[in-house]
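No value in this document is a laboratory result; all are computed from the given coordinates. These numbers come from a predicted model, not from an experiment. Cβ sites come from the backbone with ideal geometry, for glycine too, and all protein chains shown count toward neighbours.
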């Protein structure tokens, strides 16, 4: 039984965000809490970021692409 646990969705690239939004809807249908969405490359076209925020608890991304959702720095991985 996984109810009561926080779902976390991870995707390498989010442009439209549709894949994550659909997965979040499946979690809701199954009775889970809204997920935290983690994205490596946040490209977010149009209103995708706002749409994704509406179906999730939190949206965070790496700074691989500059965006307001950047909370995870990959700089140490690149600089060494």
So which residue, out of 67, 26, 41, gets the largest mean-square fluctuation from a GNM of the chain using Cα contacts under 10 Å as springs?
-> 26
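Going by how many other Cβ atoms sit within 10 Å of their own, how do 51, 12 line up, fewest first?
On the way: 51 16, 12 9.
With the fewest neighbours first, 51, 12 line up as 12, 51.
Could you grab the relative contact order for the chain? Cα pairs under 8 Å, six or more apart, rounded to a whole percent.
Values: 144 pairs, mean separation 22.2, N = 80.
That works out to 28 percent.
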Which of [x] 17, 33, 21, 18, 9, 1; [y] 20, 49, 23, 7, 0; [z] 16, 46, 32, 6 is the computed P(r) over Cα pairs in 10 Å bins from 0, in percent? It is [y]
Between 0 and 90°, nearest 10: helix 18-29 axis offset from the chain longest Cα axis = 30 degrees
